[in-house]
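Before any comments, here is the structure.
Laboratory data are not the source of any read-out in this text; all were calculated from the coordinates shown. Note that the structure is a prediction, hence the values are computed from the model and not measured. In this analysis, Cβ positions are derived from the backbone assuming ideal geometry, glycine residues included, and neighbour counts consider all displayed protein chains.
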Amino acid sequence: MELTKDQQKLVFLIGSYAHEKQTSDDQEHWFKDGPLLAVMYVLTVEGVFETYDYAAMSILCLDGYRRFMNISREGVDDLNDLREMGLLDHLKISTSQYGTVTGYRLTDKGREVLATIPNSEREGVNAIIRCSDCEGELMQIECENFERYFFRCPVCNCIREIRIFDIEDVSYISKAKFLRLPYRNDHNSVKEE
């Protein structure tokens with residue numbers, strides 16, 4: 001199974017935030033889709049994901065309201081591809097607002113792939129998700145009122161905003177184009193005199 005560089009980075013990203021219980025005292029962590037999409041957006045904007053792009057999409061948030069968010073379709077497609085390859089588990093969780101949240105984590109096969117990902121693919125992701133002031137502490141991803149995502153360092157408490165809700169105003173010019181169809185002559189009959 002050959003993964004693209006961006007798929008390797010996505011496996012590393014999910015493996016950084018989601019893990020199973022190792023002992024009975026540990027907590028099990030799933031990487032929820034909202035924070036995952038937010039970090040994927042940042043990694044796309046920063047050029048870490050080389051083949052991803054993003055566009056504004058209307059997303060139903062946990063509070064029951066729709067909001068426009070910058071989402072990477074290529075990233076979502078790679079998530080589905082990784083699930084089909086058996087590298088990711090996913091879990092649908094119902095909310096009190098009758099919505100659902102999807103959580104992701106690596107399978108045993110995914111953890112085997114994670115161990116083989118070269119440092120060159122990990123470095124760009126780590127530069128974004130780890131705090132530069134606290135010796136590489138993993139940043140937490142938090143959401144405020146479903147209107148703002150941000151990274152927060154659990155050690156120094158520094159905050160870096162994720163601007164996934166800032167929809168760009170893209171100007172474009174359109175021009176109507178009319179197609180000319182070939183003229184069809186139905187008057188093939190000979191006129192009688």
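Counting other Cβ atoms within 10 Å, which GluC sites (Glu not before Pro) in segment 58-148 have at most 13 and lie in a DSSP loop?
135, 147
For the chain, what is the mean residue ellipticity at 222 nm derived from helices alone (per DSSP H run of n ≥ 4: -39500 (n - 2.57); sum divided by total residues; nearest 500 deg cm²/dmol)? Walk me through the numbers before you get to the answer.
Values: 5 runs with 58 residues, N = 193.
So the helix-based figure for the chain works out to -9000 deg cm²/dmol.
Please return the longest stretch of the chain lacking exposed loop sites, where trypsin sites (Lys or Arg not before Pro) count only if DSSP places them in a loop and at most 10 other Cβ atoms lie within 10 Å.
22-174
If you take the Cα Rg of the chain and divide it by 2.2 N^0.38 Å, with N the number of residues, what do you get? Spell out each step's value before the answer.
On the way: Rg = 23.7 Å, N = 193, 2.2 N^0.38 = 16.3 Å.
Computed over Cα atoms of the chain, the ratio equals 1.46.
For residue 67 and residue 5, compute 0.36 nm times the residue count separating them, minus their Cα-Cα distance, and round to one decimal in nm. Don't skip to the answer; put the middle values down first.
Working: separation 62, 0.36 × 62 = 22.32 nm, distance 3.06 nm.
The residue 67-residue 5 span can extend by a further 19.3 nm.
Loop-only check: which chymotrypsin sites (Phe, Trp or Tyr not before Pro) in segment 66-108 are DSSP coil with at most 14 other Cβ within 10 angstrom? List each step's numbers first, then the result.
Details: sites: 68, 98, 104; in loops: 98.
Answer by residue number: 98.
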